[in-house]
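Right, one structure below, let's go through it.
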Amino acid sequence: MRDLSAIIKAYDIRGVVGEQLDADIVRSMGAAFAQLVGGPAVVIGYDMRDSSPGLAAAFAEGVTGQGVDVIEIGLASTDMLYFASGTLDLPGAMFTASHNPAQYNGIKLCRAGASPVGQDSGLAQIRESVEQGIAPIDGPKGTVTKREALADYAAYLLKLVDVSGIRPLKVVVDAGNGMGGYTVPEVFKGLPIELVDLYFELDGNFPNHEANPLDPKNIVDLQAKVREVGADLGLAFDGDADRCFVVDERGEPVSPSAITALVAVRELAKSPGDTIIHNLITSKVVPEIVAEHGGQAVRTRVGHSFIKQRMAETGAIFGGEHSAHYYFRDFWKADSGMLAALHVLAALGGQATPLSAVMADYDRYQASGEINSTVDDQQGRMAAVREAFAHREGVTVDEMDGLTVELDGNRWFNLRPSNTEPLLRLNVEAPDADAVAELRDEVLAIVRAQ
């Protein structure tokens, strides 16, 4: 029996190709997924990594070996796979390791209608089935059909966000040699956009930089190009293009919390009084802006399974995370970096002011970013921090996800343990940089005390 605990994660399957993930394992996973979801078919897409087509084909063999058909859409972004799953009302499998280095690959799974498959909703069952071994059925095998999805995907997004009337814009896009290089030209085709492309060549070896815009070093080229060509804004996508980061006309990063607030306002204009989901380490500006525009802000734990669950429970129209995942009710509650990008283009292109001015009201606080500390005793260090702050006047504490402490109504921090490493992750927000630094240093002194 093979132990798959190292590669079957909370939300997906991910590992080093040839060491942890190979065609035989993936073939068995395809069979297990087919048993989990049943017929009539599974839709499969894959990213630009060298290993992706072969692994996708092995997965398809496992699926068809259980008598279930496969619809293969070929090269795709993750949100394009969600589109196919949603429109076809079929379960799906996307082969990608997102922003991980070239030696990795993985599988993101969903049920019909792009409903996520996580540890508690199928991954644990798949792991058990694969570890125990799966035999092909005796009956007829399923068939594989190829289907184009890119044009229909682009047309669908452009129905959800009307950018047809925007003013001409110069936009720099850094695809990081990932799937944005495949999807952006189709989505932007025919729009009044002068596209300046960076690293659109599909290359799973990521020769220019990691396809992870969350790391500031990976948007340096984008920032420089925006300034060089005098662009109106810049967009950066991760490897599977389900996340989108934005820089303004000065080349300055726009926080994902500010984008969440902007998109929330636009969605609330379509659906007044509706619910907006945000995780607990997005900026306070998100619930503030939502309330100011008549919406209902609902706070969740960090992690896409939690945000999707709360969207389903509340019927929320939109949800956003600090990590630049943006979820849309009209997109089967799934996340789409491209949809968020179109909202930004629509907001900017609908008036004459620069993006920095458009975003000014959504940028009310300073943040530390996520700071990791290696600790031997996660719970002990968190308890020490709680003890240091809980009894102060004007302090509120909650433990929805780690430890969140709010001070004086305008400063807060969250301290959460990593699920996979001996780390504590700290996020701090305050009205100005000095206040952020003071609170950050006080918490870290306790966390890192010897």
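The values are calculated or read from the model by the stated rules, or taken from the named source; none is laboratory data. Keep in mind that what you see is a predicted model, and the values were worked out from it rather than measured. So basically every Cβ, Gly included, is an ideal-geometry build from the backbone, and we count neighbours across all protein chains shown. Just so you know, the surface numbers come from the protein's heavy atoms only, side chains and all, with ligands and any DNA or RNA stripped out. Shrake-Rupley method; radii C 1.70, N 1.55, O 1.52, S 1.80 Å.
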Starting at the first residue of segment 348-363, write each ³J(HN,Hα) from the Karplus equation 6.51 cos²θ - 1.76 cosθ + 1.60 with θ = phi - 60°, in whole Hz, x for Gly and Pro.
6, x, x, 8, 9, 7, x, 4, 4, 6, 4, 8, 4, 6, 9, 10
Could you look at segment 67-210 and say what percent of its accessible area is carbon and sulfur, using a 1.4 Å probe and all protein chains?
48
Would you mind putting 138-146, 109-117 in packing order, based on average other-beta-carbon counts within 10 Å, highest first?
109-117, 138-146
From Cα pairs below 8 angstrom and at least 6 apart in sequence, can you work out the relative contact order of segment 150-278, rounded to a whole percent?
24
Residue separation between residue 132 and residue 120 times 0.36 nm, minus their alpha-carbon distance, gives in nm 2.5 nm
Quick query: amide H of residue 43 versus all other amide H atoms, modeled in the peptide plane; which residues come in under 5 Å with a sequence gap of 5 or more or a different chain?
71, 92, 93
Reach of residue 333 by Cα under 25 Å, taken over lysines that are not fewer than 8 positions away in the same chain:
9, 108, 159, 270, 284, 308
So who's got an amide H within less than 5 Å of the one on residue 144, skipping anything under 5 residues away but keeping other chains? H placed 1.01 Å off N, in plane.
70
Segment 224-361 - share of DSSP beta bridges that are antiparallel (%, nearest 5)
60
Distance from the Cα centre of segment 393-409 to that of segment 271-308, in angstrom?
18
Would you mind telling me which residue in 399, 128, 61 has the biggest mean-square fluctuation in a Gaussian network model of the chain, where springs connect alpha carbons within a distance under 10 angstrom?
399
Computed Rg/Rh of segment 291-450, alpha carbon atoms with Kirkwood Rh:
1.01
Antiparallel versus total DSSP beta bridges in the chain: what percent is that, nearest 5?
55
Pull up all non-local amide H partners of residue 334: gap of 5 or more, or a different chain, and H-to-H distance under 5 Å with H placed in the peptide plane.
328
Extension gain residue 434-residue 205, at 0.36 nm per residue separation less the Cα-Cα distance, in nm?
78.4 nm
Separation in nanometres of the label points that stand 7 Å from Cα toward Cβ, at residue 421 and residue 194:
4.2
